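The values are calculated or read from the model by the stated rules, or taken from the named source; none is laboratory data. What you see is a predicted model, and the numbers here were worked out from it, not measured in a lab. A quick note on method: Cβ atoms are made from the backbone with ideal geometry, for glycine too, and the neighbour counts reach across all protein chains shown. The protein model used for the area step is the full one, side chains on, heavy atoms only, and it has no ligands, DNA or RNA in it. Shrake-Rupley method; radii C 1.70, N 1.55, O 1.52, S 1.80 Å.
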Amino acid sequence: NFSSESFILYKPRDVVSGDFYWFKEKEGCYIVAVADCTGHGVPGALLSMMGISFLNDIVANSTKVITSKILEVLRHNVKHALGQFSNKSLRKEGIEIGLIAYNPEKKIISFSGAYLSLWLNRKGIIKEYKSDRMSIGISLKEKPFSQIEFSVESGDTIYMFTDGFADQLGGPNRKKLLRRNLIQEITSISHLPLNDQKTHLENLHQTWKGDKFDQIDDILVIGIKI
């Protein structure tokens, strides 16, 4: 069993979304991705569909689940599909993604990320596992993706989110919410059941943007309790 509780807060800005989440089980591992494609609406959604399709193929054709290798192949496929053959490529579309593989027998999580970090909350203390500062797509300084492995305990909660929530304009000073404030909020509600955390975050977003502001980007936050 992967998770005792989980939530997915998913609010596309338009009818279709450039943010996506993806889930697969393979060889006793649970693989979860949270991603943000360039753009929103139809262009973002087309890139999302491409990303999901590639991930399905890559994992189906892999003998071992290695998160860094999955991102390597995904980057190669996306660059090829978008015709990004050199740094002079005019097409700068890409995908930011966080990808985890959880082995419940060993209680180990492997994480690789492209601009999208993983956050672990253990007993009210939150820790960031940083992603590589590269996109799935063309990057100026391209290098292999790294992979972080760490053990988890029952009761730990992991979070991944795209930048839409933190970038939302609003509040008394008409500014962005900011990532540090989102993390502070998540930390302060981390003791609550995950359904309540989701409701709290939905209310926070609504209150922050108020009536004066429209939602400016797709929003995706997931929380998974081990």
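Would you point out which residue out of 37, 29 is of a type outside the set (Ser, Thr, Tyr) and more than 14 Å from the chain's Cα centre (by Cα)?
Unique residue meeting the criteria: 29.
What is the number of the single condition among (1) over 15 Å from the mean Cα position of the chain (by Cα); (2) assigned to a helix (DSSP H, G or I) that residue 15 does not meet?
(2)
Residue 167 - would you say it is acidic (Asp, Glu), at pLDDT 95 or above and within 21 Å of residue 18 (Cβ to Cβ)?
When the stated conditions are applied, residue 167 passes them.
So residue 23 passes all but one of these: (1) under 26 Å from residue 103 (Cβ atoms); (2) at pLDDT 95 or above; (3) in contact with a strand residue (DSSP E or B) (Cβ under 9 Å, 6 or more places away or on another chain); (4) surrounded by 15 or more Cβ atoms within 10 Å (Cβ to Cβ). Which condition number does it fail?
That leaves (4) as the condition not met.
Return the residues of the stretch 203-220 that are acidic (Asp, Glu), buried (at least 19 other Cβ atoms within 10 Å of the Cβ) and more than 19 Å from residue 39 (Cα to Cα); say none if nothing qualifies.
none
When you scan the stretch 63-85, how many residues do you find that are more than 18 Å from residue 109 (Cα to Cα) and surrounded by 13 or more Cβ atoms within 10 Å (Cβ to Cβ)?
Residues that pass the stated criteria total 11.
Looking at residue 223 and the list (1) under 23 Å from residue 122 (Cα atoms); (2) under 20 Å from the mean Cα position of the chain (by Cα); (3) in a helix (DSSP H, G or I), which single condition is not satisfied?
Failing condition for residue 223: (3).
Just name the residue that is surrounded by the fewest Cβ atoms within 10 Å (Cβ to Cβ) out of those in the stretch 147-166 that are acidic (Asp, Glu) and either on the phi > 0 side of the Ramachandran plot or more than 16 Å from the chain's Cα centre (by Cα) (or both).
153
Out of the residues in the stretch 130-146 that are hydroxyl-bearing (Ser, Thr, Tyr) and open to solvent by less than 30 Å² (accessible area, probe 1.4 Å), state the one that is nearest to the chain's Cα centre (by Cα).
Restricting attention to the stretch 130-146, the residues satisfying the condition of being hydroxyl-bearing (Ser, Thr, Tyr) are 131, 135, 139, 146.
If we keep only those that are open to solvent by less than 30 Å² (accessible area, probe 1.4 Å) as well, we get 131, 135, 139.
Values: 131: 10, 135: 13, 139: 19 Å.
Out of the qualifying residues, it is 131.
What do you reckon, is residue 123 among the charged types (D, E, K, R), at positive phi and either in contact with a helix residue (DSSP H, G or I) (Cβ under 6 Å, 6 or more places away or on another chain) or loosely packed, with under 14 Cβ neighbours inside 10 Å (or both)?
So residue 123 fits the description; yes.
Okay, residues lined up against (1) within 17 Å of the chain's Cα centre (by Cα); (2) within 19 Å of residue 148 (Cα to Cα):
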{"site": "41", "(1), (2)": "no, no"}
{"site": "61", "(1), (2)": "no, no"}
{"site": "65", "(1), (2)": "no, yes"}
{"site": "114", "(1), (2)": "yes, yes"}
{"site": "119", "(1), (2)": "yes, yes"}
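Among what's in the stretch 169-226 and is in contact with a Lys or Arg (Cβ under 8 Å, 6 or more places away or on another chain) and small (Gly, Ala, Ser), pick the residue that is nearest to residue 102 (Cα to Cα).
223
Pairs needed: first member in the stretch 104-117, touching a residue at least 60 places away in the same chain (Cβ under 8 Å) and of a type outside the set (Ser, Thr, Tyr); second member anywhere, in a strand (DSSP E or B) and open to solvent by 20 Å² or more (accessible area, probe 1.4 Å); C-beta distance under 7 Å; at least 6 residues apart or different chains.
Taking only residues 6 or more apart or on different chains, the pairs are 107/151; 116/96.
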